[in-house]
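Student: So that we are looking at the same thing, I have put the structure below in C-alpha cells.
We did not get these values from a lab; they are worked out from the coordinates using the rules stated. In this text, all values refer to a predicted model and were calculated from it rather than measured experimentally. Quick reminder, even Gly has a Cβ in these numbers, built from the backbone with ideal geometry, and neighbours come from all protein chains shown.
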Amino acid sequence: MIKMKYQKSKAKRIAASFMVGFICLNLIGCDAFVRKFTRKPKKDKYQQEELVLAPVEYKAPETTPEQKYRQSFLYWKSWQDELIEALLTPKKRKKAIDCVSQALKNLIDLRPLLDEKNQKILDKYAQQTIDLKVEIQNDIYGNRLDFTRLSAERIRRNVLRDLSITKVKGCLK
C-alpha cells in the first residue's frame, strides 16, 4: 500500500509538472510560435524612389595668364629635365622620344600666352626641339646620344634664359 501511495503521488507530481509546463508553454510561447509560423506579406526588398537630378554647372576658378604660363612652363621644364636624364643611357630611346614629345607639347602651350616678339623666340626653340626629336628618332643605335643630350641641355638653358617667368611677366596676354 505504501508502495502504491508512493507511485500515485509520483504520478500526480509528474502529471502536475506536465500540466504546469503545458500551461506555461501555452501562455508564453503560443504568440511567438504563431508569429514565427504564419506567412507574412511579401515586401519589396528594394523600393524604387524617383530620382530627380537637376544639372548644376560648376565654374572652374579663373586662372590668370601668369598662372597658366607658370604651369605650362613648369611642365615643360620637368619634361625637358626628364629628357636629359633619359639621354644619359642608350637603352631609354623610347622614353626619350616620349619626353621630347611632351616637352614640345608644353612648349607650344606657352605660345598663345606670349606677345608676338616672344612668340617668335618661342617658335625658334620649338623648331630646335622638333629637330631634336627627329635626331633622337633617327639615332636607332644611340651613336649620337652625347650630341643630342648637349642639344637638349642647350635648348633648356636658352629657354630658361629667354622665356623665364620673370622675363615675360609683363609680356603676357
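Student: Which GluC sites (Glu not before Pro) in the range 67-141 pass both tests, a DSSP loop state and at most 14 other beta-carbon atoms within 10 Å?
Tutor: none
Student: Something else now. What is the Cα radius of gyration of the range 50-124 over 2.2 N^0.38 Å, N being its residue count?
Tutor: 1.62
Student: Mind checking which aspartates and glutamates have their C-alpha under 13 Å from residue 59, skipping anything on the same chain fewer than 8 residues away?
Tutor: none
Student: Can I ask one more? Could you pull the Rg and Dmax for the chain, using just the Cα atoms, both in Å?
Tutor: Just the Cα atoms of the chain yield Rg and Dmax of 43.2, 133 Å.
Student: Quick one: which residues, 5 or more positions from residue 114 or on another chain, have an amide H under 5 Å from its amide H? H modelled 1.01 Å from N in the peptide plane, none for Pro or chain starts.
Tutor: Under 5 Å from the amide H of residue 114 lie the amide H atoms of 173, each far enough along the sequence or on another chain.
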